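Read-outs throughout are calculated quantities, based only on the coordinates presented, and are distinct from any laboratory measurement. For clarity, every value in this text was computed on a predicted model and none was experimentally measured. Cβ placement follows ideal geometry from the backbone for every residue including glycine, while neighbour counts extend to all protein chains displayed.
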Amino acid sequence: MIINALNANVNVFMADFEDSLSPTWKNIENGLINMRDAAHRTITFNHPVKNKLYTLNEDPATLMCRVRGLHLKEKHISCNETQLYGALVDFVMYLYHNHSVLERFGLGPYFYIPKLQSYKEAKLWSEIISYCEDELKLERGTVRVTLLIETLPAVFQMEEILYHLKDHIIGLNCGRWDYIFSFIKTLKNYPEKILPDRNLVTMNQPFLTAYSSLLVNTCHKRGAFAMGGMAAFVPSKDQAENDLILQKVRNDKIFEIRNGHDGTWIAHPGLANYVNDIFDNEIGSKKNQIDFQKDIQISSSQLLNGCKGASTEECLRSNIRISLKYIEAWISGLGCVAIYGLMEDAATAEISRTSIWQWIKNRNILSNGKVVDEELFKLCLEEEIENVKKEIGDDSFHLGKFERAKSIFEDITLSDDSR
């Protein structure tokens, strides 16, 4: 996967130790080894079935390491009987083993930092990075970071976050999927903030457009880049279905460009050429849009308004199936899974799960008049796990961990507090 991603027609490949990774020790260990080999450009893979050797092209994409959030422990490593934090394990291992060879390639140790909620965490990261640079006798600013604004509290502190990371930061990124999850979680006690069906909560909704616009204006005022969000679609082999997917991707990327973003992400390399063409046509020869500023003032009420729309039983059931399939994959060691045409990771799956939690907590009324309560959820859960079994077949179902996934899902969805 890493070889194919680095060989794709993209500027950057972001290797994800966070939302797209189930943090088993095998995944962490192999991931760090593969990152070292990728940075050294020695990574190869001999496919045992296809009998095909995979190697890097002469000019691969720039490698970026996305570390885990500061809140997660790495239980497999301790120092003085204290468990280390996963973010520091990922950061230090990649920096220590690869900074010298990256410099020889004219590159550097580039990182993607997630989950911040406060400028205080940005200040902590700046101190960590500067300390490591000093220990390795690197010039200040050798380590460069892009930081995700993917929590509701952080969107109110973007100026401060940029300031405290000023020695290292390149830009901020709209992490829209976790941002929607954070919106639900942060405003969980406000019934008027219930969000509708997941597929209706798009960047065209005013509260998300305000988030995008504020990020663009904040970054460009300071000369930083403003990255757009992730297109989670997976190309389809069915031409008619793929045409619909490409149109959705196009609408999404046109919105980002015209809202001032300098770049964007895709979840699947099969979209690379298509999205590159969109950017070439819209931006032309410009490398960025840092001169772009919207002549608007974004208020707190705009960011906190949420949006209205239909809440349907179809979406409730779809969210249940997605959650069951993703949790089963995650506890089996897979953190990124294509489900119903979308590349689901922890962020997108969390939207499905917390949306159901929010609907139950507030006894949301569906478009067919049914009230979402514990009884309806349990009924739908029993029916949808049977539908999952029909979709994948009895053998795959029983070889998997779906009963455990169902138990975990039911427990966290019916808990008094969202997690």
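See the values below:
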read-out	value
For segment 292-330 and segment 141-189, distance of Cα centres in Å	18 Å
Share, in percent, of DSSP beta bridges within the chain that are antiparallel, nearest 5	35 percent
Length added when fully stretched, residue 42-residue 383, from 0.36 nm per residue minus Cα-Cα	117.9 nm
Packing-based ranking, highest mean first, of 185-194, 146-155 given that Cβ atoms within 10 Å are counted	146-155, 185-194
Theoretical ellipticity at 222 nm over the chain - DSSP helices of four or more residues, -39500 (n - 2.57) apiece, nearest 500	-15500 deg cm²/dmol
Stretch gain in nm, segment residue 79-residue 308, where the contour uses 0.36 nm per residue and the Cα spacing is subtracted	77.5 nm
Cα-centre dipole for segment 2-302 with unit charges at Cβ (Lys and Arg positive, Asp and Glu negative), debye to 20	240 debye
Formal net charge of residues neighbouring residue 253 (Cβ-Cβ distance under 15 Å; K, R +1; D, E -1)	-2
Spin-label pair residue 395/residue 240, simplified geometry with 7 Å Cα→Cβ offset, distance in nm	3.1 nm
Footprinting exposure proxy for 379, 414 (fewest neighbouring C-beta atoms within 10 Å first)	379, 414
Segment 206-259-segment 1-80 distance, computed between alpha-carbon centres (Å)	25 Å
Amide H within-cut-off set for residue 364, under 5 Å, with H built and near neighbours excluded	372
Segment residue 248-residue 280, extension gain: residue separation times 0.36 nm, minus the distance between their alpha carbons	9.7 nm
Relative contact order, percent, the chain [alpha-carbon distance under 8 Å, six or more residues apart]	14 percent
